[in-house]
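As structure tokens, the structure follows; a few thoughts come after it.
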Ligand code: NAD
Ligand code: UGA
């Protein structure tokens, strides 16, 4: 079976590499010349653990290739995936579908023989139907079916998530397409991964509902963490206790500086728009969006408070700026709100991130980039953990204190213990735990 993957980003490239690992023949098409050049040289343009090796293996086996020209790849394909971006649209906060419809227009002339065209991008309910309507106008002669196959992988653990999914979700209304999709996901269903066939509308909405629910769970625990601080409880104990209840579950109950990333913020915004347009508003999710936006601002305030009320002329070391560890992705990272607020209040900011510097440099002007965590904290009045990269967990806090001018450690990811920080002579602030 031949696959054409249009869009080689965090989702498209990982999906393409994993499908080729299953033994399928995959051509990955991208129109970004810089990304394409790197991939043609066998290098991943994004940081995702394990991806370089997976690509190398399948390129060498002749199952995975890259191209800037979608014509031949679409012509040969049994399945064409649309994995292009669906960012937040400026102005109204809905999903910007211009890349999706742009790709549909580009691919239409090349459809040849029965082809399954499926969105992997996260798209609002009704998009598959609209793609079908557009294709019917562009290619009334072509044989195709339009499906929705949303992706649930997380950055940083994308390959594991793709190859060991909780479920694969396929929305379709065509028997021939179902046969093709069953064959495609056989390598997973054979290992007992549930492959669910539902309507296209259900698949499209389920993707947004899942992300909105996870965002809600994070905002919930963030507010519980704030309450813990006021009443002397420990959010880790509370989260662990409620998480034991299988109706609640123990995942996504880590408090932090607010969720970020390329998906939760834009998908929460888009589902709010869909719901309002459908006259069925999601008032809880609207509140989640407000709470999360406010949280990032509150975190900057928390750092200022920890620095005795002012960061003017102080040096702040920021450890980690990506929206989560194990990615270089800076989209909607909380650091993009917090760091500029510290700078506006007169702080000098020194930053270290294990993978994020390249993407972050143009987004965080005026900071000093450091070679590692020890370099970043040198001479700092305050050290702040913004992203929980594993290498920060091993930091020798006594040695860190000795390198700092001040003694304040603000741990917005709860990676250290209060006792260890105190023993190192640090004034320690974390989230939702007794000081
Ligand atoms: P991305 O921006 O990293 O990648 C999109 C790629 O598509 C880019 O490389 C771009 O050059 C390419 N592209 C755009 N138009 C094209 C065209 N006409 N022809 C060829 N290439 C084209 O985006 P992403 O993070 O991979 O997200 C893609 C979609 O997947 C989004 O809808 C997102 O919501 C969804 N999604 C993302 C994740 C994630 O972890 N990032 C997880 C699940 C779902
Ligand atoms: C998220 C979902 O987890 C994926 O299932 C989904 O496919 C993807 O969005 C998408 O649609 O793009 P991702 O954004 O890669 O994946 O990363 P997450 O691990 O979900 O983290 C998102 C944000 O929430 C991060 O800023 C993270 O720090 C924060 N978070 C997560 C918390 O603050 N607490 C938690 O307990 C979990």
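A short reminder: the numbers here are calculations on the coordinates, not readings from a lab. Bear in mind that the values here come from a model prediction, so they are computed numbers and not experimental data. So basically every Cβ, Gly included, is an ideal-geometry build from the backbone, and we count neighbours across all protein chains shown.
What to note about this one:
- As a rough guide to protection, the peptides 78-88, 229-239 ranked by mean Cβ packing within 10 Å, highest first, stand as 78-88, 229-239.
- At 0.692 mPa s and 37 °C, Stokes diffusion of the chain via Kirkwood alpha-carbon radius, µm² per second: 141 µm²/s
- Share antiparallel - DSSP beta bridges, the range 1-100, percent rounded to 5: 5 percent
- Mean separation of Cα contacts under 8 Å (6+ apart) over length of the range 212-307, as relative contact order %: 31 percent
- Among beta bridges identified by DSSP and lying wholly in the chain, the antiparallel ones come to about 5 percent.
- Distance in nm between pseudo-label sites at residue 240 and residue 76 (7 Å out along the Cβ direction from Cα): 5.4 nm
- Shape analysis of the range 46-159 yields a ratio of the Cα radius of gyration to the Kirkwood radius, Rg/Rh, of 1.00.
- Principal-axis tilt of helix 12-21 within the chain, Cα atoms, nearest 10 degrees: 60 degrees
- A straight line joining the Cα centroids of the range 36-60 and the range 366-435 runs 34 Å.
- Secondary structure note: in the range 2-198, about 5% of the DSSP beta bridges are antiparallel.
- Nearest 10 degrees, 0 to 90: helix 264-277 Cα axis against the chain principal axis: 60 degrees
- Pairwise Cα inverse-distance average, inverted: Kirkwood Rh of the range 254-297 (Å): 11.0 Å
- Computed FRET value (nearest 0.05) for residue 427 with residue 372, which takes r as the C-beta separation and R₀ as 25 Å: 0.60
- Averaging Cα coordinates gives a centre for the range 168-185 and one for the range 203-269; these two points are 32 Å apart.
- Distances between every pair of Cα atoms in the range 200-435, grouped in 5 Å steps from 0 to the bin holding the largest one, split as 1, 7, 14, 18, 18, 16, 12, 7, 4, 2, 1, 0 percent.
- To the nearest ten degrees, helix 98-107 and the longest principal axis of the Cα atoms of the chain are 30 degrees apart.
- When you count the other C-beta atoms within 10 angstrom of each residue and take the mean per peptide, 344-353, 315-324, 115-124 line up highest first as 315-324, 115-124, 344-353.
- Taking every alpha-carbon pair under 8 Å whose residues sit at least 6 apart, the chain reaches a relative contact order of 12 percent.
- Mean Cβ neighbour count within 10 Å, used as a protection proxy, ranking 143-149, 370-376 highest first: 143-149, 370-376
- Contact order relative to length of the range 200-435, as percent, for alpha carbon pairs under 8 angstrom and 6 or more apart: 21 percent
- Look at the Cα gyration tensor of the range 2-198: its axes a ≥ b ≥ c give a/c under 1.5, and that counts as rounded.
- Förster radius 35 Å - calculated FRET efficiency between residue 283 and residue 90 (Cβ-Cβ, nearest 0.05): 0.90
- Among 381, 69, 328, residue whose mean-square fluctuation peaks in a GNM of the chain (springs only between Cα atoms under 10 Å): 69
- Gyration tensor (alpha-carbon) shape descriptor, the range 172-283, a/c threshold 1.5: oblate
- Cα pair distances exceeding 18 angstrom across the range 108-256, given as percent: 67 percent
- The share of alpha-carbon pairs in the range 302-435 lying farther apart than 17 Å comes to 53%.
- A simple spin-label model places the labels of residue 293 and residue 402 4.7 nm from each other, with each point 7 Å out along Cα-to-Cβ.
- Net length gained if the chain between residue 308 and residue 2 were fully extended (0.36 nm per residue, minus Cα distance): 104.0 nm
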